[in-house]
Structure formats: C-alpha cells, structure tokens
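Below: one structure, written as structure tokens.
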Amino acid sequence: MSEKTMRDAINEALHQAMAADESVFVIGEDVAGCNGSQGEVGSVGGVFGVTSGLYKTFGPDRCIDTPISESAIVGAAAGAALVGMRPVAEIMFADFIGVCMDQIVNQMGKFRYMFGGKSKCPAVIRFASGGGFSAAGQHSQSMYQVMTSFPGLKVVIPSNAYDAKGLLLQAIRDDDPVLFFEPKALYQEACEVPDEMYTIPFGEAAFVREGDDVTVVAFGQMVNRAAAAIDALEAEGISCDLIDPRTSSPLDEAAILESVEATGRLIVVDESPPRCGLTADVAALAADKAFHALKAPVKQVCAPHSPTPFSPELEAAYIPSVEKIQTTIKELMAQSR
Amino acid sequence: MSLPKEKLLRAYRQMKTIREFEERAHAEIMNGQIAGFTHLYTGQEANAVGVCEHLDNDDTIISTHRGHGHCIAKGADVIGMMKELFGSSEGLCKGKGGSMHVADMEKGILGANGIVAGGPPISVGAALAARIRKNGRVAVSFSGDGSVNQGTCFEAMNLAVVLKVPAVFVIENNYYSEHTNISYAVGCDDLKARTEGFGFPVFVADGADFFSVYEAAGKAIEHARAGNGPAGVFAETGRFHGHFVGDPQTYRAEGELDDLRENSCCLKNFRTTMQASGELSMEELDAIDAEVMTLIEESVSAAKAAARPTPEQVTEDVYINYSGQASA
Ligand SMILES: Cc1ncc(C[n+]2csc(CCOP(=O)(O)OP(=O)(O)O)c2C)c(N)n1
Ligand SMILES: [Mg+2]
C-alpha cells in the first residue's frame, strides 16, 4: 500500500491486467507515442501519461498507436473483443465520443442483445472527462451522462485513485462493454492504493460520508467538492450522507433509496448540464420510489444548460463549486417541512 | 513569380504578424496569463498567408486546433483575438471559445476547431452554398497530416467531388500528429497521391516559402472558382513549437528544431528572395517588423485591460431564442 495518484493507479491497473492476461491490450492515439519518429517509441504513454511504460513492458503488439481515427479505434476494439480479446482503447477526451458514437452505441453496445445473447464484447473504452482546464466546449464535457442512457453499455466514473484501480480491473474482467470515464481534474489527486490487484464490483455505491440530515449523491469530480461542503457544515450541526455511485450504469438504486428513506432530503451533484442528466435521473428515482420519505424538494446541483465556456471566470461559474453545494444543503434544511 | 509591391508588403506583414502573435502568446502562456490548451502555428505562417492572399472577404475558411495563423491571414482582428485568448468578454468570441474556437463570420472565418477533421465537412457545405448561389465563392478547409486520417475528412473529400463544389482542401504536412510521425500514421507512401485518388488535383508547395504556397494555392483556388470542383494544396512544413505549449517533444530528432528555425523559416526565406530580386528593401521589411511589434504589444496591453466576463454571461448565446417561438 502506498499513496498513488489516480493517473498512477490506473497505470498500475493496466500493467497488472496486461501481465495477468495475454488477451488484454491497449490501443489509441499516442498510447505509446513517437511511432515513425526519431524519438524513443513509447516515451509518451498517452497525452495524459496514463499508459506510460506499457509499450516498454509489453511491446508493439499490446500497446498500439493508431492514426487519428476514433471510429476505427472503437470499432477495432469492439471487433477484437467479439472474437475473444480484452482490448482497452483510449479515446483521449470524452468529447471525441461525438466522432465515434455509432461504433459505441449502435455497434458495441447492442451486439449482445441483437444477437440474442450469443455474443460477448469485453471491450473497455477509456476517456478523460470533465472540466476545469479552460479547455472550452469541445474538450470539457463529461459525456457519461449521455452514455448512461444506452442499455448495453456499462458506465464507470471513479472519483479517487483507489476506486479507479479497482473499477478498471473489474472493467477489464467484465464480459460486457464498459465505458470508463476518468475525470481529468483528478489525475493528480492521490490516496492510499494497494499494490496488489483488487476489484470493485459495479453497481455498488461508496458511502463517502455518513450523516442524518441530507443525502448527497455526487459523481466523479464532484465527490471531493461535495465532501468539502459537507465537512464545512459539520460545525453548523448539519450532517450528511455522501454517496458516490461509482458506476452510473448499473446504478446502486438501493443505496440511494435507503439513505433517502433515512434522511428525507436529497441533493444530486454533477458537473454536466441538467437535461436528461444524472442529477435528473437520480432525482426521478427518489420521486418515483421514495416520495413518501421526502421532507423537502429534491435539488439538482449541476452545470447550467449551456456548453462549457473557455474563460476561467466563466468556467468557475459553470462547474458547481463547494460553496454552491453548501448553500444548497443549507437552503434545503431551511425549506424542510 | 512577380507580385505587386503592395501585395509583397502585405504578405510579409501577415506572416510576421502571425509569428509575433504566436511568440507573444507563448510568452503569456508561460507567464500564466493565458489559460487552456493552445497550439501554436509558428513556422507554418507561409501556408496560411499563401492561401488566404487569394481569398476575398466573402470566401470562407475553416481552421483547426492550430488556428491562430489561418484566422489572422483571413483578416481576423488581432486585438480581438488576443483578448479572446486572455478570456475577456471583449474577445472575438466573448471569451466563450478561446484559442481553439476563434471565429469571425464577418470575415468568412468559420472557426478554428477543437475536433480534428471537424472542419472539412462544414467547408463542403459552404462550398455547396456557393455552387447553389453561383456566386463564385470558394470554401477552404485546413487540415494537418494527422487530420487527413479521420473518416470525416475522407467523407468530405468524396462528397465534394460527387457534388462538384468549389471546396479547397489544404493539407499542411508538419510531419507530426501530436507525437506520431506521418510515416507511421499515413499508411501509404504518398499522401498526395492518396488525396488525388478522390478525384481532384492536388498542388504541391514548399510550406516554408510563401511564393511556393501562393503559386500552388493559386492554381487550386482558380480550379475551384472556375467551377471545376474541388482541388487540394499539399504543403510540406514544420512547426517550431511542440504540439501544445508544454509538449516535451520527445519525438524530435537531435537538432531538428534548430534546423527548422534556421532553414525552414518563411520570414528569412522571404527576405532572402527579396534581397536577391531587389523588389523590396530590407529597410522596408524592418519597418514592417517594427509596426508589427507595436501592434502585438498593443494587443497584449488591450487584452490585459479588457473587461472580464461575468457569471450571468455563461448562459448567454446558447441559442438565439429559447422560448419556443421562432426567432425574429
Ligand atoms: C477527434 C479528435 N481526436 C483527437 C484529438 C486530439 N488532437 C488534437 S490535435 C491532434 C493532432 C493533429 O495532427 P495534425 O492534423 O497533423 O495537425 P497539427 O497538430 O500537426 O497541426 C490530436 C490527435 C482531437 N482534438 N480531436
Ligand atoms: Mg501535423
């Protein structure tokens, strides 16, 4: 056990999964890097450095650079998976799903159902998601909320290094196609991560904080911010459950409902826009299955219905802040019947 | 090739403006004044200028993530661009887009683009409009050696031929897509031939030489404007910085950057040509250099002093109108 960043934890998981199973390989743009150039092939390891060292350890057959061709990358991963491999493809920024949507949604995600349960597609597609870098409208989106709406795809959103490692190892082992969203603002965040392999099952939420007054459900990058908001309110005598679902598909409905039954108040936090998003999804769950327990309206804390702006000030106003979460919790306490 | 003196002075000024805009942007990024991801065009200036010097205000271009040079060459306001990079609400795009999304519809700049090969299909649409309206306009899209491997690029090239529209595809081969060399990422040996395989002529240029690009682009644009369908320009070029600011550039050969700056500098080449031909004096070019430096300095002071956006602006400009009725 030692402190590892999310980047290093994911990197370690990839090394271990590839060492343990020869059918696992990595494919994407610059996952090795420097191919065809005078530089040392493999010296890049992905634009976020997540696949660093894989080329050196596993060679060109298992750490594969591609041209800029996202549809073909996802399709190649899907096809290799259909015939028994366990590819882990990297699509860099989650926004680039726009380029390869068909291969993910109409192909990979539906094979099993359309083929009458007779196929398996154990592919993992990794993405760096979310805002915080002034990267503007085409490099800041979460996209996981959109992908959650497609039956047949599993959707994973780790919020810390420990979960990232365990969830990725589970994703690689899983026989269904998995979309793995790494909030890029968390790559440098570190926590204790075991050196050995371990898995975290899908559909099992983590209780990050436990309390009595309010249930806060937060996804990805928002988990830390929600925790900070909750910790600050402790002094004011407000205590909250903080639930990190870790996977949005499958969703641990039981954990959320159990908490809402106990607290009677629900706030859902995500950095994506509100319409048809995860906050609306979880709010609907409570309206549908825990209405009787609610003492106050369900609140969604999320981005507004707009693309992500470039300017740092605008982006700071766009992504839910600790203060905004805190204020919403207080308002909810004041409104309760 | 002999060009009017006014044209020569203008071409040099445009290239120098791009160079100094980029070098200053680089410095301001290092100073922490400019946020986000920025891709600099330094070294490739002759490509943008050699192409855009053939275009009127109403012709269109669509650019890439490495878009500053194309936008300046097509007439974007330099001060407005610098303000945009600084994230000011007075910027060309009100601080909403930043470096990767500089645009100016008035100038026929349909935008830089953060999605590799997002541009070519859109450019085919602009070219289609020109064909339908019979207005003699051309639509130029810029692509890199990496972007040509994207399906959207293939689709756009084929569609342009099928529809016989005045689309011009400019491919700037700077040999790298991020950290990968063209010799790996383009599977065939001859990208020009592959592009011609779509069914349109491609004119080759030395991207470090304004006159070479100007000549090749002239042929391509003339071909498209005359109603013969699409055409291409294929320019060999080099970027003097990393892919993005902060790129460690482990893919470079030893001495590669020094060699590029020394031997593939379009400004130096331009001066050498002028010195040999005597068409422009070095004093005339020095005077332009000084004026450009003043303009860039002014743009940075203006950007630093410019208004900052306020939170309520986040939700402005998402739609023209979002209350259900058709907009006026
Ligand atoms: C769809 C998509 N895939 C990947 C990227 C990341 N990316 C940005 S620029 C770039 C390389 C582009 O290379 P090239 O077309 O040669 O242009 P250059 O950077 O050399 O100007 C890549 C892979 C992106 N922005 N969009
Ligand atoms: Mg390139």
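Values quoted throughout were computed directly from the atomic coordinates according to the rules given, and no laboratory measurement underlies them. Computed from a prediction, not measured in an experiment: that's the story for all the values here. A quick note on method: Cβ atoms are made from the backbone with ideal geometry, for glycine too, and the neighbour counts reach across all protein chains shown.
For chain A, a simple Cβ point-charge model (Lys and Arg +1, Asp and Glu -1, everything else neutral) yields a dipole of about 820 debye relative to the Cα centre. For the protein assembly as shown, the share of DSSP beta bridges that are antiparallel, to the nearest 5, is 20%.
The mean number of partner chain beta-carbon atoms within 10 angstrom of a residue's beta-carbon across peptide A:26-39 is 6. Taken residue by residue and averaged, Cβ atoms of other chains lying within 10 Å of the Cβ of B:28-35 number 1. With contacts taken as Cα pairs under 8 Å and at least 6 residues apart, chain B reaches a relative contact order of 22 percent.
Projecting the Cα atoms of B:I79, B:G43, B:S2 onto the charge dipole of region B:1-114, computed from C-beta unit charges around the Cα centre, puts B:G43 farthest toward the positive end. Dividing the summed helix terms, -39500 (n - 2.57) for each DSSP H run of n ≥ 4, by the number of residues in chain A produces a 222 nm estimate of -10000 deg cm²/dmol to the nearest 500.
Dividing the helix sum by the residues of chain B, where each DSSP H run of 4 or more adds -39500 (n - 2.57), gives a mean residue ellipticity at 222 nm of -14000 deg cm²/dmol. Spin-label model, A:D195 to A:E210: label points 7 Å out along the Cα-to-beta-carbon direction sit 3.1 nm apart.
Computed extension gain for A:A262 through A:K56, at 0.36 nm per residue and net of the alpha carbon distance, reaches 69.0 nm.
A simple charge model with +1 on the Cβ of Lys and Arg, -1 on the Cβ of Asp and Glu and nothing else charged puts the dipole of region B:157-225 at about 360 debye relative to its Cα centre.
Here the contact order of chain A, divided by its residue count and restricted to Cα pairs under 8 Å and six or more residues apart, works out to 16 percent. Ordering B:G199, B:S88, B:H241 by the projection of their Cα atoms onto the charge dipole of region B:5-327, which places +1 on the Cβ of Lys and Arg and -1 on the Cβ of Asp and Glu, puts B:G199 at the extreme positive end.
For region A:18-68, applying the loop criterion from DSSP together with a ceiling of 14 other beta carbons within 10 Å to the GluC sites (Glu not before Pro) yields A:E22, A:E40.
With a simple spin-label model that places each label point 7 Å from the Cα along the Cα-to-Cβ direction, the separation between A:H292 and B:N135 comes to 6.6 nm.
Spatial offset of region B:171-189 relative to region B:277-328 amounts to 32 Å, using the alpha carbon center of each.
A:A284 to A:S119: FRET efficiency via 1/(1 + (r/R0)^6), r the Cβ-Cβ distance, R0 25 Å, to the nearest 0.05?
On the way: r = 32 Å, r/R0 = 1.27.
Calculated transfer efficiency: 0.20.
The magnitude of the dipole of region B:1-151, with charges of +1 and -1 set on the Cβ of Lys/Arg and Asp/Glu and taken from the Cα centre, is near 340 debye.
Is the shape of the protein assembly as shown best called rounded, prolate or oblate, per the rule: a/c under 1.5 gives rounded, else a/b larger than b/c gives prolate, else oblate, with a ≥ b ≥ c the square roots of the Cα gyration tensor eigenvalues?
Prolate is the answer for the protein assembly as shown, as a/c is 1.5 or above and a/b outweighs b/c.
Each part reduced to its alpha carbon centroid, region B:1-77 and region A:15-57 end up 35 Å apart. In loop segments of region B:163-210 as defined by DSSP, there are no chymotrypsin sites (Phe, Trp or Tyr not before Pro) with at most 13 further C-beta atoms inside 10 Å of their C-beta.
The simple spin-label model puts a point 7 Å past each Cα toward its Cβ; for B:S183 and B:D289 those points are separated by 3.5 nm. Note on chain B: dipole from Cβ charges, positive end direction compared against B:A11, B:I221, B:C265; the farthest Cα belongs to B:I221. Applying a DSSP loop filter and a limit of 13 other Cβ atoms within 10 Å to the GluC sites (Glu not before Pro) in region A:144-203 leaves A:E196. For B:N321 and B:S281, what does the FRET efficiency come to when R0 = 56 Å and r is the distance between their Cβ atoms, rounded to the nearest 0.05? Step by step, r from the Cβ atoms, then E = 0.50. What FRET efficiency comes out for the pair A:D231/B:D259, r = Cβ-Cβ distance, R0 = 51 Å, nearest 0.05? The pair A:D231/B:D259 has a calculated efficiency of 0.35.
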